[in-house]
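Just below is one structure, and these are the notes that go with it.
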Amino acid sequence: MQFIRTTKATDWKRPIPSIVERIERALLSFIPRANPGYESKLHLVHEWLIEFDGRGLPNREIGITKNGTPVIAGPNKENYGFWLDTNMSIADFCDAPITRDEFEIAWKEAVEKLKF
């Protein structure tokens with residue numbers, strides 16, 4: 001397992017859906033989405049902590065705010081995960097490694113705070 005801290009994919013804007021988008025979502029609400037709990041919170045993510053499995057693929061992830069608070073984490077019952085839903089591997093990142101302990105402490109905090 002490898003673990004990193006990255007600021008990739010942290011430039012999301014706060015979603016302000018138009019009336020057309022709201023109607024479209026209502027009409028398509030029966031179609032499952034990969035990360036429904038992430039959509040309204042991605043703009044709050046300042047950095048990601050990502051765990052990669054033995055093959056170098058994302059395994060778990062935590063989105064952290066500027067204040068260091070976990071705001072999203074996956075996978076869980078509701079969300080598959082942002083990085084897990086990409087074709088990226090550890091080779092696509094040149095970010096700072098973190099320790100397993102750092103990740104596990106943040107994961108435990110995320111599970112407690114986000115109640116999953």
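The values are calculated or read from the model by the stated rules, or taken from the named source; none is laboratory data. Bear in mind that the values here come from a model prediction, so they are computed numbers and not experimental data. Neighbour counts are summed over all protein chains in view; Cβ atoms, including those assigned to glycine, are modelled from backbone coordinates with ideal geometry. Areas reflect the complete protein model, heavy atoms only, side chains present, ligands, DNA and RNA absent. Shrake-Rupley method; radii C 1.70, N 1.55, O 1.52, S 1.80 Å.
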Practice prompt. Could you tell me whether any residue of the stretch 11-21 is open to solvent by less than 30 Å² (accessible area, probe 1.4 Å) and either modelled with pLDDT under 95 or of a type in the set (V, I, T) (or both)?
Written response: no
Practice prompt. Taking the residues in the stretch 22-35 that are surrounded by 12 or more Cβ atoms within 10 Å (Cβ to Cβ) and of a type outside the set (A, V, I, L, M, F, W, C) as candidates, determine which candidate is modelled with the lowest pLDDT.
Written response: R33
Worksheet item: Which of (1) touching a Phe, Trp or Tyr at 6+ places or on another chain (Cβ under 6 Å); (2) at pLDDT 95 or above is the odd one out, the single condition V71 does not satisfy?
Response: (1)
Worksheet item: Cβ-Cβ below 6 Å, separation at least six or inter-chain, first residue in the stretch 55-71 and farther than 15 Å from Y38 by Cα, second hydroxyl-bearing (S, T, Y) and surrounded by 13 or more Cβ atoms within 10 Å (Cβ to Cβ): which pairs?
Response: G56/S89; L57/S89
